[in-house]
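S.K.: Below: one structure in structure tokens.
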Amino acid sequence: MNKPLDYHAHPVSTPGRGYRSLPVTPAGSTLEVWLPVLVVNGANPGPTLALLAGVHGDEYEGIRAIPEVLNELDVTKVSGRVLAVPICNPPAFQAATRCSPWDGLNLARVFPGDPNGSITEQIAAVLSDEIIGPANFLLDIHSAGVAYSIETMVGYPYEDTELGRVARGAAEAFGVGVVWAHPHDPSATGRTVSEASARGIPWLYTEAPGSGRVRPSDLDAFKAGVLNTMGYLGLLEHSPGPSPIPHYLYGSGNLDRPLKTAVGGYFVSQVDLLERVSAGQFLGAVLDPSGAVLQSFHADRDGVVAMIRGLPRVQPGDGVFLVTGEMEPGA
């Protein structure tokens, strides 16, 4: 299946915006879950954009940005439609946790899901079929959540295909200063974006510093990025202003594969985000209550620091640093 440029696949008959609750669990279940879906139908036919946020329950920027930007749209000037789910993981959102407290699963690792599986797998199955499947483009708004720290950025699939070219153009139009190109990784499965790729749908995702807060600058950046993406795809007559991109990163970006601590203690970083480091360079350490070093961390490659642990308290197995590569803007 390949739909990157099939922008007239979904004619729109009734312009307007609406709200509906999409059931995940069967009616009458002991534990019911409904997904909030915001729909914008434009006055003219055009592409369908799927907008997601709250895949992790402690990431709040997209949860706020999506309804704000959609409620401000003039639907008479929209060509196509937007299917938006601002809270994709209600159990995790209610608990303010990255993963679901109901089954312990990470929603960003179980796509395409299973309608007969656990609650997280059921949510993924509904999102796959009802929101991602009908789309011509996916934008999934993430941030670093409570535990991590990441610069505000946008990521896209780096591949010499129509899907990759459309995604790269959208990434550069999005309007933030860090663009992260991700080469194809067969092991990077289970995500909203891997499900989109499997369906031939181009995609972007975002990150931001997080820390359990919404910075006004990130809210503004993500609202502008949604509008810029809609303009790039032809849903709006909207041209973003010039936006320099000083950082082009390159690498898998898999937060499941950072440098990890083998001990518990107090984590201290000695480098900054986007700092260039050399293989073997000292990055930081875990300390005991006396200040003694329990474990030191050194860069596993030459590259750029893309993620740093935000919470000082660490347990064995927690990720603390992710170093990725760079690429030239025209590469």
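The values are calculated or read from the model by the stated rules, or taken from the named source; none is laboratory data. Small disclaimer: the values here were computed from a predicted structure and weren't measured. So basically every Cβ, Gly included, is an ideal-geometry build from the backbone, and we count neighbours across all protein chains shown. Protein only, heavy atoms only, side chains kept; ligands, DNA and RNA dropped before computing areas. Shrake-Rupley method; radii C 1.70, N 1.55, O 1.52, S 1.80 Å.
S.K.: Is there any pair with a first residue in the range 24-37 that is among the aromatic types (F, W, Y) and a second that is assigned to a loop (DSSP other than H, G, I, E, B) whose Cβ atoms are under 7 Å apart and which are 6 or more apart or on different chains, and what are they?
M.R.: W34/V24
Here's the yes/no breakdown for (1) among the acidic types (D, E); (2) touching a residue at least 60 places away in the same chain (Cβ under 8 Å); (3) more than 29 Å from A108 (Cα to Cα):
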position	(1), (2), (3)
L236	no, yes, yes
S239	no, no, yes
V263	no, no, no
G284	no, no, no
M307	no, yes, no
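S.K.: Filter the range 22-38 down to the residues that are β-branched (V, I, T) and more than 15 Å from A92 (Cβ to Cβ), then identify the one that is modelled with the lowest pLDDT.
M.R.: Among those that are β-branched (V, I, T) and more than 15 Å from A92 (Cβ to Cβ), it is T30.
For every residue, the table says whether it meets (1) under 18 Å from A181 (Cα atoms); (2) modelled with pLDDT of 95 or more; (3) of a type in the set (F, W, Y).
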{"position": "N254", "(1), (2), (3)": "yes, no, no"}
{"position": "R257", "(1), (2), (3)": "yes, no, no"}
{"position": "L273", "(1), (2), (3)": "yes, yes, no"}
{"position": "A285", "(1), (2), (3)": "no, yes, no"}
{"position": "F297", "(1), (2), (3)": "no, yes, yes"}
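S.K.: Could you tell me how many of the residues in the range 218-249 are among the hydroxyl-bearing types (S, T, Y) and at pLDDT 95 or above?
M.R.: The total comes to 3.
S.K.: Select from the range 138-165 the residues that are β-branched (V, I, T) and open to solvent by less than 10 Å² (accessible area, probe 1.4 Å) and list them in ascending order.
M.R.: The answer is I141, I150, V154.
S.K.: Among what's in the range 199-224 and is out of contact with any helix residue (DSSP H, G or I) (no Cβ under 7 Å at 6 or more places or on another chain) and part of a helix (DSSP H, G or I), pick the residue that is surrounded by the fewest Cβ atoms within 10 Å (Cβ to Cβ).
M.R.: Out of the qualifying residues, it is P216.
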